[in-house]
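The values are calculated or read from the model by the stated rules, or taken from the named source; none is laboratory data. Bear in mind the structure is a predicted one, so any value in this text is a computation, not a measurement. Methodologically, a virtual Cβ is constructed for each residue, glycine included, from the backbone with ideal geometry; neighbour enumeration extends over all protein chains shown.
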Amino acid sequence: MSIYAALWQLKFPRYGDAHTGCDWIKVKAQGVPAHIGSPDEDPEGEDPYAALLPPAIAVPSDDSAQVMRAVVFVTEGTPKGTARSAQEYVNPLLVLSGRDYVTVTFEQLHELVCRALRGHRPRLVAEVWNAGGRGRLLFEDGSATDIDLDDG
């Protein structure tokens, strides 16, 4: 049985920056319900997920006010199961507390996911094309990559 509930799935630029001909990858938001590992679930036990998730929260008695414990963002095909926990994703893109997830704007969330996909690569700042179908991607560190319209 999984501790995750699928919330949504969207396509993002594979390397964090959209440009002509870029590759896209599915990113899934996996919610962890508030009761998972909460003191309400087992008041005397230890939280088995404390090492991989933000702290457990008390489950509100009003279900309409329920917030997820956490939301874990992974790309398609991300394996689950580590030496620490069978429920832990291997290298998730991002993990937010449920409270952070409900307060973040979509624009902020998009930037967080794209930054995670980009990793240590510099951010794309411009895409320039000439009449011959050749283009150039310009990055914030001053580097550039030549591309052809036929490459994508």
When (1) over 30 Å from LEU52 (Cβ atoms); (2) free of Cβ contacts under 8 Å to residues at least 24 places away in the same chain; (3) among the hydrophobic types (A, V, I, L, M, F, W, C) are applied to PHE106, the one that fails is (1)
In segment 105-148, residue nearest to ILE57 (Cα to Cα) [restricted to those that are out of contact with any strand residue (DSSP E or B) (no Cβ under 7 Å at 6 or more places or on another chain) and surrounded by 12 or more Cβ atoms within 10 Å (Cβ to Cβ)]
LEU109
Count - residues of segment 19-37 that are assigned to a loop (DSSP other than H, G, I, E, B) and either modelled with pLDDT under 90 or surrounded by 13 or more Cβ atoms within 10 Å (Cβ to Cβ) (or both):
8
So which residues in segment 109-152 are charged (D, E, K, R), part of a helix (DSSP H, G or I), over 22 Å from MET68 (Cβ atoms) and touching a residue at least 24 places away in the same chain (Cβ under 8 Å)?
ARG118, ASP151
Can you tell me which residue is surrounded by the fewest Cβ atoms within 10 Å (Cβ to Cβ) among those in segment 57-76 that are of a type in the set (A, V, I, L, M, F, W, C) and modelled with pLDDT of 80 or more?
VAL67
